[in-house]
Amino acid sequence: MVPENVTLAIRKFAIKNAIDYGKADAGSVLGKVIPQARGIPVPELKKEVQKIVGEINSLKKNALEKEYAPFKEEFEKRAEETVKKTEKPKLVLEGAEMGKVATRIPPGPNGYLHIGHMKQAVLSSELAKMYDGKFFRYFDDTNPEKDRQEYVDAMIRDHEWMGFKFAKTYYASDMVDKIYDYAKQLIKIKKAYVCGCSREEIKEKRFAGKQCKHRKQGVEDNMALFEGMLNGKIKQGAAIVRFMGDMKAANTVLRDPALLRIIETPHYRQGTKYRVWPVYDFNTPIVDSLQGVTDVLRSKEFELRGELGRQILGALGLRVPRIHEFSRLNIKGNVTAKRIIRKLIAEGQLKSWDDPRLMTLMALRRRGIRPEAIANFIMKIGMTKSENNLPFEMLLAENRKVIDPIAKHLFFVANPVRLTVLGARKLDAHLRLHPGADFGFRDYETGEAFYISKDDADQIKKGAILRLKDLVDVKIKKVEKNGIVADMHEDIGGKDSRIIQWVPEDNHVECTVQVIGPLLDENENVDPNSLQTVSGYVESYAEKLDEHEIVQFERFGYCILDDKKNMRFIFISK
């Protein structure tokens with residue numbers, strides 16, 4: 001039983017769809033209502049959608065407009081909000097000068113890039129262009145336990161796919177010796193010391209605002225201890241180098257944070273050359289300053305750490321880059337946390353990092369999301385600091401603008417039902433590959449037998465007149481369990497004809513379409529209905545497609561050919 005609130009939503013969206021396009025489309029309405037119908041089995045929901053869409057499509061124009069009137073203001077207001085959301089904000093780097101800007105991205109190669117990383121990357125790239133500046137790539141690879149060449153290679157591929165152009169690429173691990181020099185400088189000016197307290201003791205005293213006993217060590221003792229860390233006399237976990245901040249600071253980041261620690265694990269790039277590794281908060285401000293970065297763009301979760309970077313650079317007499325902060329990019333119903341994704345993959349709830357339900361770049365690429373769409377989506381969000389949890393539909397809307405002009409049009413029938421047209425003469429179907437572009441045609445010779453989708457077949461009644469799109473009109477003679485029988489109808493293009501997709505009996509290919517929904521349900525668990533498979537027939541032109549080519553299955557949606565051998569498509573969007 002479909003709840004009343006969901007039934008009302010179905011009716012509302014069906015009315016709006018009919019107002020916009022003349023007739024409501026069950027697939028479009030289903031796509032709109034699914035987010036509000038969690039927990040309802042899709043077959044049951046689909047049946048209710050088809051029933052209501054049938055009712056709405058039977059209304060005359062005056063009756064339809066009367067039904068629409070109560071919802072008109074709501075939809076118009078929503079349209080205005082959408083326009084406002086999609087207006088491109090004016091981007092400004094406070095304090096920046098034309099021709100004197102250098103931005104960077106600092107990917108840590110400890111996982112795969114996701115759409116959240118792209119906010120910083122796209123904004124940094126575009127602002128560098130706006131200010132006629134430079135854009136750098138800086139691999140922050142100072143954690144041998146997590147950093148891998150596999151991730152570096154994947155990030156480089158993702159950056160190339162996004163079309164980023166870097167003035168230079170550099171690695172934190174190549175500058176460790178230089179970082180050691182700056183650590184020694186801080187020790188000499190009594191702004192850093194070597195601490196041998198346990199992790200628990202450090203945590204307890206930082207929380208209480210109490211100084212560590214090692215804070216009083218002299219410069220010579222600290223230098224000797226640091227040398228012991230470097231040469232292996234001090235074992236992993238026995239000592240760290242800490243910044244001498246303020247143990248009473250309201251900003252707890254400043255309470256003598258760690259700067260360097262011992263990690264014995266061999267490094268993917270440096271091997272066993274180093275055993276003492278700097279933390280992000282120490283090496284990154286220094287590297288930014290040395291490499292000429294003028295403007296750092298980052299999410300505001302790092303806001304409290306900004307003051308630490310400024311104090312470190314101030315103590316060392318190094319230039320301080322400008323910092324610009326913005327809110328994180330979050331997509332509703334999805335997850336980007338690496339630890340959660342690893343857990344879901346280990347449990348078998350996700351297949352891999354490119355599972356099309358994920359927001360990793362490799363998953364989005366596989367799903368048919370274009371890099372231009374990602375960039376346009378992010379530029380429209382801009383550098384706002386207000387928290388946002390955006391609907392995936394906003395990205396899909398940008399993607400449709402990119403793929404619509406290039407996607408070939410094909411007919412696809414889901415859950416096929418045989419349609420026999422008695423006495424049908426042989427016809428030559430000459431179908432355009434795109435209604436607005438010169439992509440050529442696909443040509444078929446047809447006979448008496450066709451296949452249409454079950455959704456269309458379920459709505460057909462005896463005596464109905466149908467238009468097989470771009471081919472011929474037929475009049476329904478029989479509706480039977482094993483198929484539908486029709487006669488040719490001579491009133492070609494009659495005003496009462498309902499247009500449906502079809503594939504010829506002798507020119508189609510079996511295929512499947514994976515349909516993606518939000519990964520997480522309202523309880524933040526993996527939704528078992530987030531990945532469903534629709535089986536059907538696609539016209540045989542599909543065999544000429546390239547793997548990963550994007551097409552539009554008319555009245556079904558945009559799809560990408562994910563696996564040509566098995567003729568498996570992934571649904572992108574309506």
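In the stretch 24-40, which residue that is without any contact (Cβ under 8 Å) to a residue 60 or more places away in the chain and either surrounded by fewer than 19 Cβ atoms within 10 Å (Cβ to Cβ) or of a type in the set (D, E, K, R) (or both) is farthest from Asp456 (Cα to Cα)? Show your work before the answer.
Residues of the stretch 24-40 without any contact (Cβ under 8 Å) to a residue 60 or more places away in the chain: 24, 29-30, 32-33, 36-37, 40.
Narrowing further to those that are either surrounded by fewer than 19 Cβ atoms within 10 Å (Cβ to Cβ) or of a type in the set (D, E, K, R) (or both): 32, 36, 40.
On the way: Lys32: 19, Gln36: 25, Ile40: 23 Å.
For the stretch 24-40, the residue satisfying everything is Gln36.
Can you find even one residue in the stretch 245-252 that is without any contact (Cβ under 8 Å) to a residue 60 or more places away in the chain, buried (at least 17 other Cβ atoms within 10 Å of the Cβ) and assigned to a helix (DSSP H, G or I)? So far as the stretch 245-252 goes, no, none of its residues is without any contact (Cβ under 8 Å) to a residue 60 or more places away in the chain, buried (at least 17 other Cβ atoms within 10 Å of the Cβ) and assigned to a helix (DSSP H, G or I).
Scan the stretch 48-56 and tell me whether some residue there is part of a helix (DSSP H, G or I), of a type in the set (A, V, I, L, M, F, W, C), at pLDDT 80 or above and closer than 30 Å to Ile381 by Cα. It would help to see each step written out before you state the result.
Going residue by residue through the stretch 48-56, those that are part of a helix (DSSP H, G or I) are 48-56.
Then keep just the ones that are of a type in the set (A, V, I, L, M, F, W, C); that gives 49, 52-53, 56.
Adding the requirement that they be at pLDDT 80 or above leaves 49, 52-53, 56.
Imposing the further condition that a residue be closer than 30 Å to Ile381 by Cα reduces the set to none.
No, every residue in the stretch 48-56 fails to be part of a helix (DSSP H, G or I), of a type in the set (A, V, I, L, M, F, W, C), at pLDDT 80 or above and closer than 30 Å to Ile381 by Cα.
For the stretch 441-448, indicate whether the set of residues that are closer than 22 Å to Glu554 by Cβ, surrounded by 16 or more Cβ atoms within 10 Å (Cβ to Cβ), out of contact with any helix residue (DSSP H, G or I) (no Cβ under 6 Å at 6 or more places or on another chain) and in contact (Cβ under 8 Å) with a residue 40 or more places away in the chain is non-empty. Within the stretch 441-448 (the criterion being closer than 22 Å to Glu554 by Cβ, surrounded by 16 or more Cβ atoms within 10 Å (Cβ to Cβ), out of contact with any helix residue (DSSP H, G or I) (no Cβ under 6 Å at 6 or more places or on another chain) and in contact (Cβ under 8 Å) with a residue 40 or more places away in the chain), the answer is yes, since at least one residue qualifies. As a summary of the residue check, Asp354 satisfies the conditions (1) over 14 Å from the mean Cα position of the chain (by Cα); (2) closer than 30 Å to Asp546 by Cβ except for the one numbered (1).
For the stretch 155-198, which positions are among the small types (Gly, Ala, Ser), buried (at least 20 other Cβ atoms within 10 Å of the Cβ) and out of contact with any His (no Cβ under 8 Å at 6 or more places or on another chain)? Spell out how you get there, then give the answer.
Filtering the stretch 155-198 for residues among the small types (Gly, Ala, Ser) gives 163, 167, 172-173, 183, 192, 196, 198.
Now drop any that are not buried (at least 20 other Cβ atoms within 10 Å of the Cβ), which leaves 172-173, 183, 192.
Hits for the stretch 155-198 are Ala172, Ala183, Ala192.
Go through the stretch 410-436 and give me each residue that's of a type in the set (Gly, Ala, Ser), farther than 20 Å from Val538 by Cβ and either surrounded by fewer than 14 Cβ atoms within 10 Å (Cβ to Cβ) or touching a Phe, Trp or Tyr at 6+ places or on another chain (Cβ under 7 Å) (or both). Steps first, please.
Here is the first cut: in the stretch 410-436, the residues of a type in the set (Gly, Ala, Ser) are 414, 423-424, 429, 436.
From what is left, the residues that are farther than 20 Å from Val538 by Cβ are 423-424, 436.
Within the stretch 410-436, Gly423, Gly436 qualify.
Limited to the stretch 388-409, what total is found for residues that are more than 14 Å from Lys574 (Cα to Cα) and crowded, with 21+ Cβ neighbours inside 10 Å? Residues in the stretch 388-409 being more than 14 Å from Lys574 (Cα to Cα) and crowded, with 21+ Cβ neighbours inside 10 Å: 0 in total.
For Ile374, the conditions (1) outside the structural domain of Ala167 (by TED's automatic domain parsing); (2) surrounded by fewer than 19 Cβ atoms within 10 Å (Cβ to Cβ) are fulfilled apart from (2). Do the conditions hold for Asn388, that is, is it of a type in the set (S, T, N, Q), modelled with pLDDT of 95 or more and not assigned by TED's automatic domain parsing to the domain that holds Ser58? The answer is no for Asn388. Within the stretch 261-284, can one find any residue that is at pLDDT 95 or above, in a loop (DSSP other than H, G, I, E, B), more than 26 Å from Tyr151 (Cα to Cα) and out of contact with any Asp or Glu (no Cβ under 6 Å at 6 or more places or on another chain)? So far as the stretch 261-284 goes, no, none of its residues is at pLDDT 95 or above, in a loop (DSSP other than H, G, I, E, B), more than 26 Å from Tyr151 (Cα to Cα) and out of contact with any Asp or Glu (no Cβ under 6 Å at 6 or more places or on another chain).
Wholly within the stretch 503-554, which strands (runs of 3 or more DSSP E) include no fewer than the required count, namely at least 3 residues that are among the aliphatic types (A, V, I, L, M)?
On the way: elements: 508-516, 531-539, 550-553.
Ranges flagged: 508-516, 531-539.
Within the stretch 409-430, is even one residue part of a helix (DSSP H, G or I), of a type outside the set (Asp, Glu) and either more than 30 Å from Ala96 (Cβ to Cβ) or at pLDDT 95 or above (or both)? Checking the stretch 409-430: not a single residue is part of a helix (DSSP H, G or I), of a type outside the set (Asp, Glu) and either more than 30 Å from Ala96 (Cβ to Cβ) or at pLDDT 95 or above (or both). State yes or no: is Lys461 under 43 Å from the mean Cα position of the chain (by Cα), loosely packed, with under 12 Cβ neighbours inside 10 Å and at pLDDT 90 or above? Answer is yes for this residue. Going through (1) farther than 14 Å from Lys574 by Cβ; (2) surrounded by fewer than 21 Cβ atoms within 10 Å (Cβ to Cβ) one by one, Ile56 falls short only on (2).
Do we find a residue being touching a Lys or Arg at 6+ places or on another chain (Cβ under 6 Å), of a type outside the set (Ser, Thr, Tyr), under 24 Å from Cys559 (Cβ atoms) and not assigned by TED's automatic domain parsing to the domain that holds Gly54 anywhere in the stretch 409-430?
Among the residues of the stretch 409-430, at least one is touching a Lys or Arg at 6+ places or on another chain (Cβ under 6 Å), of a type outside the set (Ser, Thr, Tyr), under 24 Å from Cys559 (Cβ atoms) and not assigned by TED's automatic domain parsing to the domain that holds Gly54, which makes the answer yes.
Filtering the stretch 325-343 to residues that are within 11 Å of the chain's Cα centre (by Cα), closer than 12 Å to Arg357 by Cβ and either outside any loop (DSSP other than H, G, I, E, B) or among the charged types (D, E, K, R) (or both) leaves only Ile331.
To keep it simple, each residue is scored yes or no on (1) touching a residue at least 40 places away in the same chain (Cβ under 8 Å); (2) hydroxyl-bearing (Ser, Thr, Tyr); (3) more than 30 Å from Phe377 (Cα to Cα).
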site	(1), (2), (3)
Leu410	yes, no, no
Ala414	yes, no, yes
Gly423	yes, no, yes
Arg432	no, no, yes
Asp438	no, no, no
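Can you report the number of residues in the stretch 174-214 which are β-branched (Val, Ile, Thr) and part of a helix (DSSP H, G or I)?
Taking the stretch 174-214 and keeping what is β-branched (Val, Ile, Thr), we get 176, 179, 187, 189, 194, 202.
With the extra rule that they be part of a helix (DSSP H, G or I), the set shrinks to 176, 179, 187, 202.
Residues meeting the conditions: 4.
Which residues, taken from the stretch 330-362, are modelled with pLDDT under 90, hydrophobic (A, V, I, L, M, F, W, C) and within 29 Å of Val293 (Cα to Cα)? Answer for the stretch 330-362, where residues must be modelled with pLDDT under 90, hydrophobic (A, V, I, L, M, F, W, C) and within 29 Å of Val293 (Cα to Cα): just Ala337.
Within the stretch 217-235, can you find the residues that are without any contact (Cβ under 8 Å) to a residue 40 or more places away in the chain, surrounded by fewer than 19 Cβ atoms within 10 Å (Cβ to Cβ) and either assigned to a helix (DSSP H, G or I) or not assigned by TED's automatic domain parsing to the domain that holds Gly196 (or both)?
Restricting attention to the stretch 217-235, the residues satisfying the condition of being without any contact (Cβ under 8 Å) to a residue 40 or more places away in the chain are 217-225, 227-228, 231, 233-235.
Restricting the remaining residues to those that are surrounded by fewer than 19 Cβ atoms within 10 Å (Cβ to Cβ) gives 218-221, 223-224, 227-228, 231, 233, 235.
Val219, Glu220, Asp221, Met223, Ala224, Glu227, Gly228, Asn231, listed by residue number.
The values are calculated or read from the model by the stated rules, or taken from the named source; none is laboratory data. These numbers were taken from a predicted model, which means no experiment stands behind them. Glycine also receives a Cβ, built like all others from the backbone with ideal geometry; neighbour counts cover every protein chain displayed.
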